[in-house]
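S.K.: To start, I am sharing the structure in question, which I have written as structure tokens.
The values are calculated or read from the model by the stated rules, or taken from the named source; none is laboratory data. Just so we're clear, the structure is a prediction, and the values are computed from it rather than from any experiment. Here Cβ is always computed from backbone atoms with ideal geometry, including for glycine, and neighbour counts include all displayed protein chains. Accessible surface areas use protein heavy atoms only, side chains included; no ligands, DNA or RNA. Shrake-Rupley method; radii C 1.70, N 1.55, O 1.52, S 1.80 Å.
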Amino acid sequence: MLLRGLLDVLFPPLCHVCRKPVPEAGELHLCPDCRGAMTPVASPCCPVCGIPFGTEGGIDHPCGDCLTAPPPFDAARGALVFAGPVQELIHRFKYGHKVHLRRPLALLAVEHLTPFVRGVAPDLIVPVPLHRVRLRERGFNQAILIGEVMARHWGAPLLRDTLRRVRPTAPQVALSAPQRRENVRGAFSVAVPERVEGRRVLLVDDVCTTGSTLAECARVLRRAGVASVAAVTVARAP
């Protein structure tokens, strides 16, 4: 520990975002400026899907979509707004193959979402799966890497291969909300329903945009007989 402290003084760690030296980096390795530019998802937001309303003041209330077409999950929450340094870190992690960034991203989620997860009290953590074609291209499933860190902090086992993506889907980025829902319809299955039947499941992914992927995963988990299903993501698109 003494040697590590001396090395940190002589060669301070660099911020994961701006690459400035961070003498007291802690576990996150983020400078105060970049950390301060990250916006937590806060009230007022929808208590079902977790979308922030972007207004000052007010109380949490269901959004129009959740009132007219309630999702198959009980509740979903994102830790941070998907913008600025958060968006940059996630893009570097997923598309730049900077897999070491899974730790600060997961720890940020743990910091902000632990009260929600304690309330959910999950028996199992299930990452959103990639199709085998996309997995070969990327080399890793970002939801699994993030989920491994979360599982250690939240004390629930991570089931890596129970939920499967059975057909490839187009990238969701350029699609509208209705197109996203249609794109993922029928894309998932539960390999061993007995492993999740009657259990409280927590879905994990990196980003929630419209919630279509989480909703489709939750739908097939419901069919497999789970007792409840909630979802968490590192980031939530406003």
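S.K.: Counting only GluC sites (Glu not before Pro) that are in a DSSP loop and have at most 13 other C-beta atoms within 10 Å, tell me the longest site-free stretch of the chain.
M.R.: Longest stretch, sites excluded: 57-196.
S.K.: State whether the range 148-238 is rounded, prolate or oblate according to the following rule on the C-alpha gyration tensor (a ≥ b ≥ c being the square roots of its eigenvalues): a/c under 1.5 gives rounded; otherwise a/b larger than b/c gives prolate, and the remaining case gives oblate.
M.R.: Verdict is oblate for the range 148-238.
S.K.: Carbon-plus-sulfur fraction of the accessible area of the chain, 1.4 Å probe, in percent?
M.R.: That fraction is 56 percent.
S.K.: Can you give me the Cα centroid spacing of the range 181-210 and the range 161-176 in angstrom?
M.R.: When both Cα centres are located, 11 Å separates them.
S.K.: Hey, another quick one. Take the alpha carbon gyration tensor of the range 49-206, find the square roots of its eigenvalues, order them as a ≥ b ≥ c, and report rounded if a/c is under 1.5; if not, report prolate when a/b exceeds b/c, else oblate.
M.R.: rounded
S.K.: While we're on this one: Under a point-charge model restricted to the Cβ atoms of Lys and Arg (+1) and Asp and Glu (-1), what is the dipole moment magnitude of the chain relative to its Cα centre, in debye to the nearest 20?
M.R.: 860 debye
S.K.: Also, I was wondering about something else. Over the chain, with the other protein chains present, what is the accessible area per residue in square angstrom, probe 1.4 angstrom?
M.R.: Result: 50 Å² per residue.
S.K.: Could I ask something else about it? If exposed means no more than 16 neighbouring beta carbons inside 10 Å and the site is in a DSSP loop, what's the longest run of the chain without any exposed chymotrypsin sites (Phe, Trp or Tyr not before Pro)?
M.R.: 141-238
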